[in-house]
1. Could you identify which residue out of 53, 348, 367 has the top mean-square fluctuation in a GNM of the chain using Cα springs shorter than 10 Å?
2. Inverting the mean 1/r over all pairs of different Cα atoms, compute the Kirkwood radius of the stretch 36-251 and quote it in Å.
3. Quickly estimate the mean residue ellipticity at 222 nm for the chain, helices only: each DSSP H run with n ≥ 4 gives -39500 (n - 2.57), and the total goes over all residues, rounded to 500.
4. Give me the percent of DSSP beta bridges within the chain that run antiparallel, rounded to the nearest 5.
5. For helix 82-93, what angle does its Cα long axis make with the longest principal axis of the chain, in degrees from 0 to 90 and rounded to 10?
6. Compute the semi-axes of the equivalent ellipsoid of the stretch 254-387, taking the square root of 5 times each eigenvalue of the Cα gyration tensor, and list them largest first in whole Å.
7. Using θ = phi - 60° and the Karplus form 6.51 cos²θ - 1.76 cosθ + 1.60, what ³J(HN,Hα) does each residue of the stretch 228-241 get, whole Hz, x for Gly and Pro?
8. For the stretch 165-191 and the stretch 309-342, what is the separation of their Cα centres, given in Å?
Amino acid sequence: MRDLSKCVNNPAVSSEGFVSLSTATHRASTIVFPSAQAYAERKKRGPDGFTYGLHGTPTTRALEARLTALEAGVRTALVPSGQAAIAVVLLTVLRPGDTVLIPDNAYPPVRGFAVNYLESRGIGYRLYDPAQGADIASLIDDSVKLVWVESPGSTTMEIQDIPAIVAVAHARGALVGCDNTWATPLLFKPLTHGVDFSIEAITKYIGGHSDVFMGSIAVSTVEMHRRLKDTMRMLGMGVSPDDCFLVLRGMETLGVRLQHQGRVALEMAQSLVGHAAAERVLHPALPSCPGHALWKRDFLGASGVFTVQLRSGFEAGLSDALTAMKMFSIGASWGGTHSLIAPMEISGDRQLSTWNASTILLRISIGLEDPEDLREDVQTLFARLEATRSID
């Protein structure tokens, strides 16, 4: 072998005696085959086989397997983001003439995808009140092929009666997809409650460090996994093995992170109940939060995200007060190690809920900073809001 060939070919190196606790990162675009016949028959390897790097390497398979075990599923598909996971499910299930039901409190891009992409292609959508449980049966006609649930609801934290919705949807031949990002599979396992698609925005708690984008779709049948993978293949969709490594590493501390963040968030939420500036504190573990009884029945705990609805008149100095915070950063997304706060105005995103146009919501995501530092920062924020309160 000449030098230029030596530059691109690896000598045999023994790995005997090497055992690591870390998952190896296998990067590949091309997958090579031992023979021309094996290449010609590559489709026979199926969705679990290795045929092309875009469709998976041993690193992506390791993450899929870990998530599948955590979700109590049969297979998991990895996609580039949580929104991509939602889109792939909708594109896999729905055909022209079909309808999807979406709760009014869902992550806004879900409705955006229905309005801006699905409708022009003959696929309809209808909104429903997230407080509906079995009563949703009245909305499920022959065109409804998918019911979407998100529990807790985006920003406003309503808990849905998922077992009841699953029962009536399945009785009428519709599938159910669930955005489970807030709870993660540690606190709620949608598939064990009959849901057909369990969606996680891996970007948030499971990745856990605000440095990776990814989504996952866990299912209970090999056939549904095959259908999802067919859709992904047509879209040319895959994930980076390097990102999978980051998620695998982040998952190892998911349990301790979530337990700590959930405890601190609940303590903070409880401390803000009754505050002069707080109209409502929206945290599923609080008895006053919509759906609390359902949360207590179905969930194993709460994560570190909750919302405070400001009382009218306290928003005058909000911008300056948020900017002055020392521990909380202002930003989208959540679930990482850094605490975040985001002012939200959601009236434009709701059609069935009665949210006053001037209502400001503060979405709070607890990180891993010292709890006392976080409490002091929030207390200072609310003290500033009181000091700048506008009196009509």
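1. Maximum among the listed residues: 348.
2. 17.5 Å
3. So the calculated ellipticity at 222 nm is -10000 deg cm²/dmol.
4. 55 percent
5. 70 degrees
6. 22, 20, 13
7. 4, 5, 4, 4, 4, 5, 5, 8, x, 9, x, 10, 7, x
8. Between the Cα centres of the stretch 165-191 and the stretch 309-342 lies a distance of 31 Å.
Every number here is computed from the coordinates shown, using simple stated rules; none is lab data. Quick caveat, the model's predicted, so the values are computed rather than measured. Backbone-built Cβ (ideal geometry, glycine too); neighbour counts: all protein chains shown.
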